[in-house]
1. Working only within region 436-463, note down all residues that are at pLDDT below 80 and either closer than 22 Å to Ala519 by Cα or not aliphatic (A, V, I, L, M) (or both).
2. Out of region 311-351, which residues are modelled with pLDDT of 85 or more, in contact with an Asp or Glu (Cβ under 8 Å, 6 or more places away or on another chain) and assigned to a helix (DSSP H, G or I)?
3. Six or more apart or on different chains, Cβ atoms under 7 Å: show the pairs whose first residue is in region 455-478 and among the basic types (Lys, Arg) and whose second is more than 10 Å from ligand 2 (Cβ to nearest atom).
4. Please give the strands (runs of 3 or more DSSP E) falling wholly within region 179-295 in which 1 or more residues are modelled with pLDDT of 80 or more and within 26 Å of the chain's Cα centre (by Cα).
5. Looking at Ala72, is it modelled with pLDDT of 80 or more and in a helix (DSSP H, G or I)?
6. For Leu433, are the conditions met, namely being surrounded by 19 or more Cβ atoms within 10 Å (Cβ to Cβ), farther than 19 Å from Leu200 by Cα and at pLDDT below 85?
7. State whether the residues of region 224-246 include one that is without any contact (Cβ under 8 Å) to a residue 40 or more places away in the chain, out of contact with any Phe, Trp or Tyr (no Cβ under 6 Å at 6 or more places or on another chain), away from ligand 2 (no atom under 16 Å from the Cβ) and not charged (D, E, K, R).
8. Can you report the number of residues in region 332-362 which are more than 21 Å from Arg301 (Cβ to Cβ) and buried (at least 20 other Cβ atoms within 10 Å of the Cβ)?
Amino acid sequence: MENENNKKENGGPKKLNFNSYWIYGIIILVLIAIQMITAMSIQTKDISQSQFEKIAIAGDVKKVVVVNKSIANIYLTEDAVDSGRYPDIAEGKFSELHPHYKYEIGEISYFYDRVQSLKDKNNVNLDIRADTQTNWYAPLIGWILPFVLLIGLWLFIMKRMSGGGGGPGGQIFNIGKSKATLFDNTNAKVNVTFADVAGLDEAKEEVMEVVDFLKNPKKYTSLGGKIPKGVLLVGLPGTGKTLLAKAVAGEAAVPFFSISGSDFVEMFVGVGASRVRDLFKQAREKAPCIVFIDEIDAIGRARGKGAVQGGNDERENTLNQLLVEMDGFSTDKGVILMAATNRPDILDGALLRPGRFDRQIGIDRPDLQGREAIFKVHLKNIKTGPDMEADTLAEMTPGFAGAEIANVCNEAALIAARRNKKAVDMDDFNYALDRVIGGLEKKNKLISPSEKKIIAYHEAGHAICGWFLEHASPLVKVTIVPRGVGTLGYAQYLPKEEYITRTEALLDRMCMTMGGRAAERIVFDKISTGAQSDLDQVTKMAYSMIAVYGMNEKVGNVSFHGMSQDQFNKPYSDDTATIIDQEVRLMIDNEYLRAQKLLSEKREELNALANALLENEVLLKSDVERLIGKRPYGEPSRMELKAQAKVNAEAENNKES
Ligand code: ADP
Ligand code: ZN
């Protein structure tokens, strides 16, 4: 998107903008208005020829004006109007300008013949005149309107073709201009600071140097030091890369250009390169400033690899131009390039060379503390009740990235608003979490009772296995409310925050994942398609345990991770391939049997959970404890310790009073 500001500075030709549409609109409106006014004011009554002749014989006709040889306009004498013989005519309303009656003449010569014979027979004197009239606006509508429509259509198509979402930047004249959004003090100001970025302490420290440089460049250049031209932020989507780059601009109080790598890509040849050129031109004018390119992999993919020859010329040109521009400016100009990607491995080597994106900052998904900090930032913006605590929420959201946390907070606020609450409470957050994890609730999805029973036993099977396996993650809740696409129910667990996982834990997880199908087998002696995603997961886990983590005795301590693996190009022999396949099958079968054995032993508990699920649809950990007793393993979570402390304190209070 181009913004007003850039346009003025480029001093380019003045372009048609939305105001011209207003002019077209006004012209059309005026035309319509004229048409309507004229149509309304001529209320002349239609009569037939014989009626006309009667009036003529009575001697009440003052004159007849034949317009365009097709319409006879009849004007009555004043006496006739006053006499009241013609009640359908409003008195005095008609002037010389408007006839009282009119009728359509068929054949003009026939009309004159009739009139002549009328005159002769009845000896009346008729004043007949001919007139030609044209509508002055008719040519306007006939000629100009189509042009207006055509021009409008053309502009519309041009806008669509160049892919501009809005504003003048999308027009054909601007196709080679960069679509970067500029934030500076003249329009949208960057008011993001490091305080808005929670966690990411190491990353912040790294970029602090950039901020310092932008604030007082002399300090660095006088010593001959070189500041990196480009900083590459590497991390999964939603981990706050854009936010961090913005915060750098906000802290340094410099303009911030933001553009996505895919914005350079266009169907016309040469456009990408020209957009890169334009972006850097703008940036140099605004220096010192920060240019942020999101998803740089869209243009920065390694050149000439895998692609069909010639197929990707346009992208390569764009990348080349980017490299040229990066070499072309020296850092003391004060333009710093920041880019984000989650695939640094596919970037072209030339981009990562010194003098280009030579500094890489990895941004991980936040850990427990990070999530707590991010929740604190986002809870500040919403009105919460007294029971909301960021650390509890952080515990409930393992694996969430910053964007998802922001989403949960927003979702909870919306839900609370829908329920007409004064403040957002824990219940709203629970609901929001369900929604973010599982997708929208499908209240009206029709599920037959027998299907529901299968789903309930399937989910209960997962839950029971998790409950009685020592190394499985503790359960948070089980539900059989259908959600999103194809989700009929799920069990949510609280994974431990750990960086290495032991074999036992992986095997227990596999056993738990097979628990769904095992329960179906034991209870109904049949299996269903409902376990497809479970099997998917288990298969992937088994392959990675054996072929990546070296956790199988027969295959041994080898890892084939990241090696190209296609039909013709395996990093291992056919024998090894056979062993891997066998071992994967063996491992999955074992866990399936283990799950069946466990569930047969705990058949009563399984029934209890499944029935409770059928009744309530959702079971929390506390419900499960009530039904089948406490879990024999696992230390209580922080959340539980806190709840326990609260209960203790209350008991203490009660004792005292
Ligand atoms: P990315 O660019 O990595 O895809 P963004 O920077 O666009 O992610 O993050 C999206 C949103 O997520 C941000 O606008 C912010 O609301 C939230 N967010 C992500 N990480 C953090 C964080 N560390 N602190 C606070 N908010 C965050
Ligand atoms: Zn399942």
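The values are calculated or read from the model by the stated rules, or taken from the named source; none is laboratory data. What you are looking at is a predicted structure, and each value in this text was computed from that prediction instead of being measured. Cβ: placed from backbone, ideal geometry, glycine included. Neighbour counts: every protein chain shown.
1. Taking region 436-463 and keeping what is at pLDDT below 80, we get 436-447.
Residues satisfying the conditions are Gly438, Gly439, Glu441, Lys442, Lys443, Asn444, Lys445, Ile447.
2. Leu319
3. Lys477/Gln492; Lys477/Val618; Lys477/Leu619; Lys477/Leu620; Lys477/Lys621
4. On the way: elements: 181-183, 230-235, 256-260, 289-294.
The qualifying strands (runs of 3 or more DSSP E) are 230-235, 256-260, 289-294.
5. Working: modelled with pLDDT of 80 or more: yes; in a helix (DSSP H, G or I): no.
The answer is no for Ala72.
6. Yes.
7. Yes, that holds for at least one residue.
8. Just the residues of region 332-362 that are more than 21 Å from Arg301 (Cβ to Cβ), to begin with: 332-336.
In the following step, the residues that additionally are buried (at least 20 other Cβ atoms within 10 Å of the Cβ) were identified as 334-336.
Qualifying residue count for the region: 3.
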